[in-house]
Amino acid sequence: MNNRVVITGMGIYSCIGKNLDEVRDSLFQGKSGIIFDPQRKDYGYRSALTGFVERPELKGLLDRRARIMLPEEAEYAYMATLEALANAKMDAAYIARREVGIFYGNDSSAKAVIESNDLVREKKDTTLLGSGAVFQTMNSTVNMNLATIFRLRGVNFTVSAACASGSHSIGLGYHFIKTGLQDTIICGGAQEINFLSMTSFDALSAFSIRMDEPQKASRPFDRDRDGLVPSGGAATVILESLDSALKRGAPILAEVVGYGFSSNGGHISNPTVDGPVRSLERALQDAGLQVSDIEYINAHATSTPAGDSSEARAIHQVFGSSNPYVSSTKSMTGHECWMAGASEIVYSLVMMKNGFIAPNINFENPDEDSAKLNIVKSTLQRDFNVFLSNSFGFGGTNSTLIVKKYV
């Protein structure tokens, strides 16, 4: 089978907005969600910078039993999925009649694991942990909680692929629907943002130390970048076969037309050019598109010296002849890690729907690689019909998605 796969709903809970309207405004204004967190500095972090995401108030939305099963990142995912389902006009009655699946990207639940073990270490009694601890600590926590809360009966497993997790979840959903295995799949990515979750990254000196100017610290592609800023939240998209969407009269936001992937096959953390190039080319081939068809690229670019340069070279190698617009929304959000591949699809969909391209803020001085790209420095009011989103992760995992307006 070769079903067309469309996006009928989207939801977001991030440091630049707790819903689609807030995010639209932040993207258009080039508004940063980065703050200085004194708790991190006191704890021993080299960098105290982070995206700030307010924890949702779930009392009144979920009963106590459901709430105690949710770690931080699953709370964000629940909020994003609520919005996405409402956006897709998909209610509980519809879900009860169908096999709706879920692929969600997640690659840690550090806070729940640490706090559980701290309690046992202090009290010497595992029974004090309560029934929710095991479900909060498992890496599949987001899937198991959302599948239970929304009573999903289709495919259900977690995609764990470092910072490409959210993107691969959408890619897998696309292929499951394209090949007829499912009609509808909830896809997304979630990232915990607490200070306990990022200590090992800080130890790698991967984070920016521009702490006197938090909102200027994340500067993808800029010559003076000095590291990424960790962030998080959750993003959800509802994927459906075109037949399913048309049959129920669903709003169709866009169509997923290409998914590319590759592995660098080299160092566990050092980036390459070849791996991303193969992912980009595979996505184009899958979509049946030419490089000139891609109008906007939401780059993975996290604001690290090596990573941004290698991606810039890969983009130029593949798209140098067409020179599409490029920006990294991580300049505003910081690096949302496991959720980034999903949130950047949502950010790009919001831009496409509203006829603008968000700026790569803090891009003041190009380096020799970024100077070859058509990087958007300030908000560009422009309609576009096709965009591409890159996501790369530790272990050399690469994912590329291509989305176009539905016609």
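Taking Cα centroids, how far is region 65-126 from region 1-47 in Å?
If we compute the Cα centre of each part, the gap is 18 Å.
Could you order peptides 266-272, 211-217 by the average number of other Cβ atoms within 10 Å of their residues, highest first? Mind showing how you got there, number by number?
Values: 266-272: 14.4, 211-217: 17.0.
The densest-packed peptide leads the list: 211-217, 266-272.
Once R0 is set to 22 Å, what does the formula 1/(1 + (r/R0)^6) return for the Cβ-Cβ distance between ASP25 and ASN323, expressed as a FRET efficiency to the nearest 0.05? Intermediate values should be presented prior to the final figure.
On the way: r = 29 Å, r/R0 = 1.31.
Plugging the Cβ-Cβ distance into 1/(1 + (r/R0)^6) gives 0.15.
Please enumerate, by chain and number, the lysines with C-alpha under 16 Å from the C-alpha of LYS247, excluding those fewer than 8 residues away in the same chain.
Cα-Cα hits under 16 Å: LYS89.
Label point 7 Å out from ARG153 along Cα-to-Cβ: which residues of region 178-199 have amide N under 18 Å?
Once the point is set 7 Å along Cα→Cβ of ARG153, 181-186 turn out to lie under 18 Å by backbone N, inside region 178-199.
So, counting K/R as plus one and D/E as minus one, what does the shell of residues with Cβ under 13 Å around LYS330 add up to?
Values: positive: ARG219, ARG225; negative: ASP222, ASP308, GLU311, GLU336, GLU344.
So the environment of LYS330 carries a net charge of -3.
Report the calculated FRET efficiency for ASN117 and SER200 (r = Cβ-Cβ distance, R0 = 22 Å), to the nearest 0.05. Working shown, then result.
Numbers: r = 16 Å, r/R0 = 0.72.
That pair, ASN117 with SER200, gives E of 0.90.
Spelling out what I want: for every residue of region 90-96, take phi, set θ = phi - 60°, compute 6.51 cos²θ - 1.76 cosθ + 1.60 (Karplus), and round to whole Hz; glycine and proline get x.
Values per residue, Gly and Pro as x: 10, 9, 4, 5, 5, 4, 5 Hz.
Per-residue HN-Hα couplings for region 360-377, Karplus 6.51 cos²θ - 1.76 cosθ + 1.60 at θ = phi - 60°, whole Hz, x for Gly and Pro?
With the stated coefficients, region 360-377 comes to 8, 5, 6, 8, 10, 9, x, 9, 5, 8, 6, 5, 8, 9, 8, 7, 7, 8 Hz.
Take the Cβ-Cβ distance between ALA371 and ASP226 as r, set R0 to 22 Å, and report the resulting FRET efficiency rounded to the nearest 0.05. Don't jump to the answer; show the numbers that get you there.
On the way: r = 19 Å, r/R0 = 0.86.
Calculated transfer efficiency: 0.70.
Can you order the peptides 389-396, 287-294 by their average number of other Cβ atoms within 10 Å per residue, highest first? Mind showing how you got there, number by number?
Numbers: 389-396: 24.6, 287-294: 16.0.
Ranking the peptides 389-396, 287-294 by packing returns 389-396, 287-294.
Report, for the chain, the % of DSSP beta bridges that are antiparallel, rounded to 5.
Values: 43 of 65 bridges.
Roughly 65 percent of the beta bridges in the chain run antiparallel, per DSSP.
About the Cα centre, and with charges only on the beta carbon of Lys, Arg (+1) and Asp, Glu (-1), how big is the dipole of the chain? Nearest 20 debye, please.
With Lys and Arg at +1 and Asp and Glu at -1, about 840 debye.
Starting from 0.36 nm per residue, how many nanometres of slack lie between VAL407 and ILE209 once their C-alpha separation is accounted for? Working shown, then result.
Numbers: separation 198, 0.36 × 198 = 71.28 nm, distance 4.59 nm.
The VAL407-ILE209 span can extend by a further 66.7 nm.
Put +1 on the Cβ of each Lys and Arg and -1 on the Cβ of each Asp and Glu in the chain; which of ALA312, VAL256, SER208 then has its Cα farthest toward the positive end of the dipole?
After comparing all options, I get VAL256.
Any idea how far apart ASN354 and TYR43 come out in nm if each label point goes 7 Å out from Cα toward Cβ?
Between ASN354 and TYR43, the label points sit 3.2 nm apart.
How much length, in nm to one decimal, is gained on full extension between HIS175 and ARG4, taken as 0.36 nm per residue of separation minus their Cα-Cα distance?
Numbers: separation 171, 0.36 × 171 = 61.56 nm, distance 1.00 nm.
Roughly 60.6 nm would be gained on extension.
Pairs LYS18/LYS124; LYS31/LYS353; LYS216/LYS372: which exceed 28 Å Cα-Cα? Present the calculation step by step, with values, prior to reporting the outcome.
Numbers: LYS18/LYS124 39 Å; LYS31/LYS353 19 Å; LYS216/LYS372 23 Å.
Exceeds cut-off: LYS18/LYS124.
Taking neighbour Cβ counts within 10 Å as the exposure measure, how do PHE157, PHE176, PHE195 sort from fewest upward?
Values: PHE157 15, PHE176 23, PHE195 20.
With the fewest neighbours first, PHE157, PHE176, PHE195 line up as PHE157, PHE195, PHE176.
In the chain, with Lys and Arg counted as +1 and Asp and Glu as -1 at Cβ, which of these residues, HIS175, GLY341, GLN29, has the Cα nearest the positive end of the dipole, that is, farthest along it?
Of the listed residues, the answer is HIS175.
With a sphere of radius 14 Å drawn around the Cβ of ARG24, what net charge do the other residues whose Cβ falls strictly inside it have (Lys, Arg +1; Asp, Glu -1)? Let's see the in-between values first.
Details: positive: LYS18, LYS31, LYS353; negative: ASP21, GLU22, ASP25, GLU83.
Charge balance in the 14 Å sphere: -1.
Sum up the charges of everything whose Cβ sits under 10 Å from the Cβ of ILE7, counting Lys and Arg as +1 and Asp and Glu as -1, but leave ILE7 out. Working shown, then result.
Working: positive: none; negative: GLU240, GLU255.
Spelling it out: positives minus negatives among the neighbours equals -2.
No lab work stands behind these numbers, since they all come straight from the coordinates. Please read all numbers here as calculations on a predicted model, not as lab measurements. Every residue, glycine among them, receives a Cβ derived from its backbone with ideal geometry; neighbour counts consider all protein chains shown.
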